[in-house]
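Only one structure is covered here, and it is reproduced in the block below.
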Amino acid sequence: MARTALVTGGSRGIGAAISKALKAEGHTVAATYAGNDEAAAKFTEETGIKTYKWNVGSYEDSKAGIAKVEEDLGPIDIVVANAGITRDAPFHKMSPEQWQEVIDTNLTGVFNTIHPVWPGMRERGFGRIVVISSINGQKGQFGQVNYAATKAGDLGIVKSLAQEGAAKGITANAVCPGYIATEMVMAVPEKVREAIIGMIPTGRLGEPDEIARCVTFLTSDDSGFINGSTITANGGQFFV
């Protein structure tokens with residue numbers, strides 16, 4: 001069944017792959033972005049997917065943006081909370097600002113994205129929520145105390161929402177990607193990238209489309225009995 005889907009951070013990288021995959025499934029997709037107007041305009045031109053600009057770290061911005069999406073496209077039944085940032089530093093050098101920026105986007109941003117649509121999902125008796133966490137939320141990572149904390153916290157959100165939403169036909173699940181061949185990863189020095197690949201038993205980076213396929217499954221009507229779960233897509237690098 002075709003539905004309206006919201007993908008935060010949905011115009012680039014993994015988010016762009018998710019947006020395009022959901023559209024291919026027949027859904028009407030809204031993709032949010034934080035600041036790159038040129039990239040968002042190009043994405044819309046190439047895909048026909050509407051983009052909306054707001055700061056997921058602000059509840060008021062998120063609430064207003066979501067209201068606009070629903071005015072344009074209809075009630076949101078699918079949410080993919082994908083927007084995320086990094087502000088890496090060893091803990092002894094990490095500033096309070098670096099900590100707070102990541103918390104605001106990666107953790108509070110998930111609350112801000114889901115909370116405004118939750119009542120409508122409950123009323124309609126259907127909802128699919130997928131939060132994009134990370135392998136580093138499962139195992140931790142040097143220089144990413146802030147990032148790992150948020151991504152671990154996202155898993156707690158999913159497990160709790162699954163229990164609250166189940167009786168109303170709402171599922172909440174997470175996907176934890178490993179190292180994926182996005183612009184960010186491909187931009188690191190080749191020696192560093194080779195070292196990363198050396199830690200992955202599959203012997204390669206993941207592809208954004210592989211994460212997108214996890215999401216399309218979890219957002220489908222057929223996935224209603226899968227709730228509170230985490231799909232790890234990391235090439236065998238880490239097991240839970």
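If you go through segment 116-144 and pick out every residue that is out of contact with any Phe, Trp or Tyr (no Cβ under 7 Å at 6 or more places or on another chain), in a helix (DSSP H, G or I) and not small (Gly, Ala, Ser), you end up with 6.
Considering every residue within segment 54-61, establish whether at least one is among the hydrophobic types (A, V, I, L, M, F, W, C) and out of contact with any Phe, Trp or Tyr (no Cβ under 9 Å at 6 or more places or on another chain). Walk me through how you get there before you give the answer.
Kept after step one, since they are among the hydrophobic types (A, V, I, L, M, F, W, C), are these residues of segment 54-61: 54, 56.
Then keep just the ones that are out of contact with any Phe, Trp or Tyr (no Cβ under 9 Å at 6 or more places or on another chain); that gives 56.
The answer is yes, given that some residue of segment 54-61 is among the hydrophobic types (A, V, I, L, M, F, W, C) and out of contact with any Phe, Trp or Tyr (no Cβ under 9 Å at 6 or more places or on another chain).
Scanning segment 6-51 for residues that are farther than 20 Å from Ser220 by Cβ and of a type in the set (Lys, Arg) returns Arg12, Lys42, Lys50.
Out of Met199, Met121, I need the residue that is more than 19 Å from Ile85 (Cα to Cα), free of Cβ contacts under 8 Å to residues at least 60 places away in the same chain and out of contact with any strand residue (DSSP E or B) (no Cβ under 7 Å at 6 or more places or on another chain). Which one? Steps first, please.
Working: Met121 fails: out of contact with any strand residue (DSSP E or B) (no Cβ under 7 Å at 6 or more places or on another chain).
When all the criteria are applied, what remains is Met199.
Residues in segment 62-85 that are part of a loop (DSSP other than H, G, I, E, B), crowded, with 16+ Cβ neighbours inside 10 Å and not hydrophobic (A, V, I, L, M, F, W, C): Asn82, Gly84.
From the list Phe217, Phe239, the one residue that fits, being aromatic (Phe, Trp, Tyr) and either closer than 26 Å to Arg3 by Cβ or assigned to a helix (DSSP H, G or I) (or both), is Phe217.
Of all residues being among the small types (Gly, Ala, Ser) and surrounded by fewer than 17 Cβ atoms within 10 Å (Cβ to Cβ) in segment 13-43, which is nearest to Glu183 (Cα to Cα)? Just the residue, please. Spell out the reasoning first.
So the first thing to find is which residues in segment 13-43 are among the small types (Gly, Ala, Ser), and the list is 13, 15-17, 19, 21, 24, 26, 30-31, 34-35, 39-41.
In the following step, the residues that additionally are surrounded by fewer than 17 Cβ atoms within 10 Å (Cβ to Cβ) were identified as 24, 26, 35, 39, 41.
Numbers: Ala24: 23, Gly26: 27, Gly35: 16, Ala39: 13, Ala41: 18 Å.
Looking at the filtered set, the residue picked out is Ala39.
Selection of first residues in segment 214-238 that are on the phi > 0 side of the Ramachandran plot and of second residues that are in a helix (DSSP H, G or I) and crowded, with 19+ Cβ neighbours inside 10 Å, restricted to Cβ pairs under 9 Å at least 6 apart or on distinct chains, gives the following pairs, ordered by first then second residue: Gly228/Val158; Gly228/Leu161; Gly228/Ala162. Which ones in segment 175-194 are without any contact (Cβ under 8 Å) to a residue 24 or more places away in the chain and part of a helix (DSSP H, G or I)? Those that are without any contact (Cβ under 8 Å) to a residue 24 or more places away in the chain and part of a helix (DSSP H, G or I): Val185, Met186, Glu190, Lys191, Val192, Arg193, Glu194. Does segment 64-117 hold any residues that are under 19 Å from Gly156 (Cα atoms) and small (Gly, Ala, Ser), and which are they? Ala81, Ala83, Gly84, Gly109 - these are the residues of segment 64-117 that are under 19 Å from Gly156 (Cα atoms) and small (Gly, Ala, Ser). Checked against the criterion of being out of contact with any His (no Cβ under 6 Å at 6 or more places or on another chain), at positive phi and not hydrophobic (A, V, I, L, M, F, W, C), segment 41-61 has at least one qualifying residue. In segment 44-54, the qualifying residues are those that are polar (S, T, N, Q) and without any contact (Cβ under 8 Å) to a residue 40 or more places away in the chain, and the one that is surrounded by the most Cβ atoms within 10 Å (Cβ to Cβ) is Thr47.
For Ala172, indicate whether it is part of a helix (DSSP H, G or I), of a type outside the set (D, E, K, R) and either within 12 Å of the chain's Cα centre (by Cα) or under 16 Å from Asp77 (Cα atoms) (or both). It would help to see each step written out before you state the result.
Working: part of a helix (DSSP H, G or I): no; of a type outside the set (D, E, K, R): yes; either within 12 Å of the chain's Cα centre (by Cα) or under 16 Å from Asp77 (Cα atoms) (or both): yes.
The answer is no for Ala172.
Selection over segment 151-160 of residues that are in contact (Cβ under 8 Å) with a residue 60 or more places away in the chain and either assigned to a loop (DSSP other than H, G, I, E, B) or not charged (D, E, K, R) (or both) gives a count of 2.
Here Thr113 meets each of (1) hydroxyl-bearing (Ser, Thr, Tyr); (2) assigned to a helix (DSSP H, G or I); (3) touching a Phe, Trp or Tyr at 6+ places or on another chain (Cβ under 8 Å) with one exception, condition (3).
Within the set Gly165, Gly228, the sole residue that is touching a Gly at 6+ places or on another chain (Cβ under 8 Å), surrounded by 16 or more Cβ atoms within 10 Å (Cβ to Cβ), not acidic (Asp, Glu) and not in a strand (DSSP E or B) turns out to be Gly165.
No value in this document is a laboratory result; all are computed from the given coordinates. Predicted model only: the values in this text are computed from it and were never measured. Please note: Cβ atoms are built from the backbone with ideal geometry, for glycine as well, and neighbour counts cover all protein chains shown.
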